[in-house]
Each structure stands twice: as C-alpha cells, then as structure tokens.
1. Before rounding to the nearest 500, sum -39500 (n - 2.57) across all DSSP H runs of length at least 4 in the chain and divide by the residue total; then give [θ] at 222 nm in deg cm²/dmol.
2. Placing +1 at every Lys and Arg Cβ and -1 at every Asp and Glu Cβ, with all other atoms neutral, what dipole size does segment 159-243 have around its Cα centre, in debye to the nearest 20?
3. What residues qualify as long-range amide H neighbours of Asn215, i.e. H under 5 Å apart, gap of 5 or more or another chain, H built at 1.01 Å from N?
4. As a test, work out the antiparallel percent of DSSP beta bridges whose residues both lie in the chain, rounded to the nearest 5.
5. Tabulate in residue order the Karplus-calculated ³J(HN,Hα) for segment 178-184, using 6.51 cos²θ - 1.76 cosθ + 1.60 with θ = phi - 60°, rounded to whole Hz; enter x for Gly and Pro.
6. When you count, for each residue, the other Cβ atoms within 10 Å and take the mean per peptide, how do 78-85, 49-56, 170-177, 117-124 rank with the highest first?
7. Consider the candidate values (1) 34; (2) 51; (3) 30; state which one is percent of Cα pairs over 29 Å apart computed from the structure displayed.
8. Treating only the Cβ of Lys, Arg, Asp and Glu as charged (+1, +1, -1, -1), what charge dipole size does segment 34-153 show about its Cα centre? Round to the nearest 20 debye.
Amino acid sequence: MRFLVTGATGNVGREVIKDLMRTGEDVCAAVYEAQISQVEGAPALRFDFRDEATWGPALAGTTKVFLMRPPDMADVEATLIPFLQQANAHGVQQITFLSLIGVDKNKKIPHYAVEQAILASGIPWTFVRPGFFMQNASQAYRDDIRFDDRIYVAAGNGKLGFIDVRDIGAVAGKSLREEGHRNKVYAITGAEALTHAEIAAIISNAVGRTITYANPSNRDYKDHLLRMGYPQDFVDVMSGIYF
C-alpha cells in the first residue's frame, strides 16, 4: 500500500508520517513548498489543492489518503470536492479525514462540508474528530499570552478536551495502517475538559505571572484577528469553530 499524507509539514501531518514510517510503510508527503524534498524521512511531492495539475501525480499509485483541509481554505466546493472525485477515479481505497469534534452539530464550518463530500464520494472513510490541539497554547495563543498576558478567543465558558497532536497522529496513522476502521468516526480528546479560564490559570502557574482569559464577544474576536492580518475566510472559520 502507498499512503499519501496531505498537510505533511503541519503539526498533525508530521505525526501521521512518523507513525506510518515507524512501521515501514510506503509514504508520500504532499507539500506546498516545491523546495522540500522530504518530511520526517518520507519523500515529498509538490501538491496544492488549488492547482489541479498537482493532483494526478500525487494520487498515482496511492492506496490511502490522510486528508487535511488547509486552515485558510474555506471554499471546499472548488478544491477538496474535485480532489475527492479524482481520488475515487484513481482507485483510492480509504480516506482518513482530520475533522473537528462537534462538527455534526456545527454545519457552518468547512469540516462539515468536507465530511459530506467524502460520504458522497463513495470512498471508504474514517473521520478523526479531535478536540482542540494542546499545541494551541504555545502556537495560536502564543503572542496574546506573550505580549498581552491573556488568551483572546471567543469560546465563552465552553469546555474543551485539549489533545496533543502526537496522539492525533497516532490515531490517524492507526486508522490507515490497520483494518477495521473504515466508515467509522473517532472523537478524541485529552484527559479532562477545561474552560479557557482554567487553561489561563494553569499557564499562569507554569510561567509565574498572571494570564487571564479575555472572553471577548464574537465580533471583538473577529476584529482582533483581522487586525492581526488574517484573511476574512480564515477569521470566519475560526469564529465558527469557537462558537
């Protein structure tokens, strides 16, 4: 079998590749940057969901696909859905899609549309629906924590079961390597569900200064992201996810 891993240079994609490479699988890392020759020991191939010319070479000989929607891609109709059609034509036997916990209750976010497109494609599937990444604390939240001593997301008092990307990669890799995972949904979380106020308190104890949870309105959160330079599509998706 040959495994194609999209989003190969991302947090989860790298962990999926590591998991597959540990068992000696034939892995191809799909990357946007043409100068990258390999990822975690897997040979890399130029790939872009917005460039259909890159799809065929990536799918040729591919048995199973780890599919990740690029964070800045809200329009799945013109990108991921045609890609799924090509994957079906190339005889792909399974797609494991990195979705999002609660997507079945939030139909406005792109992950829901991708899941529906995969179901309609006829390709056997596995949906891995993680909670929020533990790495968000040191990446997505980093600058707000570092410079403003706060976490600034519009999540209200909702609780999240944060999970490490290494665990997400292990689950996704297992779903591709082993039999018995086709047409199944796995919602995966960390050991406990925490509010962002609780997360701020934990970080405060770790760094030795007071970090607060701002708990902004949805509108204020969107304005915050726009001021940071993020595109509108990305802002809308993030707002929907935290909602």
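The values are calculated or read from the model by the stated rules, or taken from the named source; none is laboratory data. Computed from a prediction, not measured in an experiment: that's the story for all the values here. Because the Cβ atoms are built from the backbone with ideal geometry, glycine has one as well, and the counts that use them run over all protein chains shown. The area values use the complete protein model at the heavy-atom level, side chains included, leaving out ligands, DNA and RNA. Shrake-Rupley method; radii C 1.70, N 1.55, O 1.52, S 1.80 Å.
1. Details: 9 runs with 92 residues, N = 243.
Computed ellipticity for the chain at 222 nm equals -11000 deg cm²/dmol.
2. 60 debye
3. Val153
4. 10 percent
5. Calculated HN-Hα couplings, in order: 9, 7, x, 10, 6, 6, 10 Hz.
6. On the way: 78-85: 18.5, 49-56: 14.2, 170-177: 21.4, 117-124: 15.9.
Ranked from most to least packed, the peptides come out as 170-177, 78-85, 117-124, 49-56.
7. (3)
8. Values: 11 positive and 13 negative charges, 62 e Å.
With only Lys, Arg, Asp and Glu charged at Cβ, the dipole is about 300 debye.
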